[in-house]
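Down below is the structure, laid out as structure tokens.
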Amino acid sequence: KQWYQRRVAITAGGRQGAPGEAAQSIQLNPYIVAFHSQKNTPPTCFDGMTELWTGYSFMFVDADGQSKWSQNIGAAGSCLEEFYPAFYTQCTVDKCISSSEEHKTVWMATAPDYENYRHPLGKLKIDRRRDELLNYISRCVVCEAIFKMFVVHSLTDEIPECPEGYELAPSPNRHIPGAPQKWVGFSFWEVSVDNQGLGVLTDEAASCLLYYVPAAIAECDAEGCKLNAEDQYTSWIRNTKEDQMFTGNDRESFSDAKGYISRCAVCQRPEASFISFS
């Protein structure tokens, strides 16, 4: 009889346990984005995003003055966790060559804190002035998001409005003193070195740089980096107002040049601020 009673108890099941934890939502195809601060302080992800890593803003490789390949500055590959001025090698069936004088990497430079400031002339040697050099390399962050942003370019000197149903996205630099709190900026197109241009798609948030910088890059080799290379140019979407047409030498000063650049804004759905992975 006792054996029977124990068997019945086992068959009927035990006491009800404590409730389990709620299941976590999983995003199998999230958006992975990179933000660049143009400062020596890393930017931050938005509320509802997950930070994956911070690093240094990498733009492209120049192998021999003719062979160049670039990174989309809105993608994770443009944010390298460590700064190495010469981090690649070229190989044949017989050998691999690294640290050649022709091997260059190009990084996004920091924006000056005031208009008349210029980066140091000449090359900053990595073996003697590494800490100083890193102050001039833009920092970045890679974020995981479940919502997408888009950019609006005004083609004027006025900041555009987001379409109905959307709002301005927060600035990735909002925690940096003196930085804008919303993502409004200047319409960036491409950087050119040795007469070869490497750009960014203008429908991506990365094409709206927070700061206008005529010389936006640091050109580096195994020895160090130049911040004012003579052969570098940047291209921006211009302000197309009729009264601001280019005439003669009317772009001589930094402050004057800013007026010829289109303004832009990055937009998102209002619900984005309340959505997260947790």
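The numbers here are math on the coordinates, done by the rules we state, and not lab data. Since the model is a prediction, treat every value here as computed from it, not as a measurement. Here the Cβ is made from the backbone with ideal geometry for all residues, glycine too, and neighbour counts use every protein chain on show.
For a straight C-alpha distance cut-off of 20 angstrom, the lysines reachable from residue 104 (same-chain residues fewer than eight places away being disregarded) are 68, 95, 123, 125, 226.
Residue by residue, the stretch 217-222 carries 3J(HN,Hα) couplings of 10, 10, 9, 10, 9, 4 Hz when phi is fed to the Karplus relation 6.51 cos²θ - 1.76 cosθ + 1.60 (θ = phi - 60°); x denotes Gly or Pro. Under 17 Å of direct C-alpha separation, and excluding same-chain neighbours fewer than eight residues apart, residue 148 reaches these lysines: 182.
Place the peptides 142-153, 210-221 in order of packing, highest mean first, counting for every residue the other Cβ atoms within 10 Å and averaging per peptide.
For the peptides 142-153, 210-221, the packing ranking is 210-221, 142-153.
Projecting label points 7 angstrom from Cα along Cα→Cβ for residue 240 and residue 269 puts them 3.0 nm apart. Seen from residue 55, the other residues with C-beta closer than 9 Å to its C-beta sum to a net charge of -1, counting Lys and Arg as +1 and Asp and Glu as -1.
Evaluate E = 1/(1 + (r/R0)^6) for residue 128 and residue 89, where r is the Cβ-Cβ distance and R0 equals 30 Å; express this FRET efficiency to the nearest 0.05.
On the way: r = 24 Å, r/R0 = 0.81.
For R0 = 30 Å, the calculated efficiency reads 0.75.
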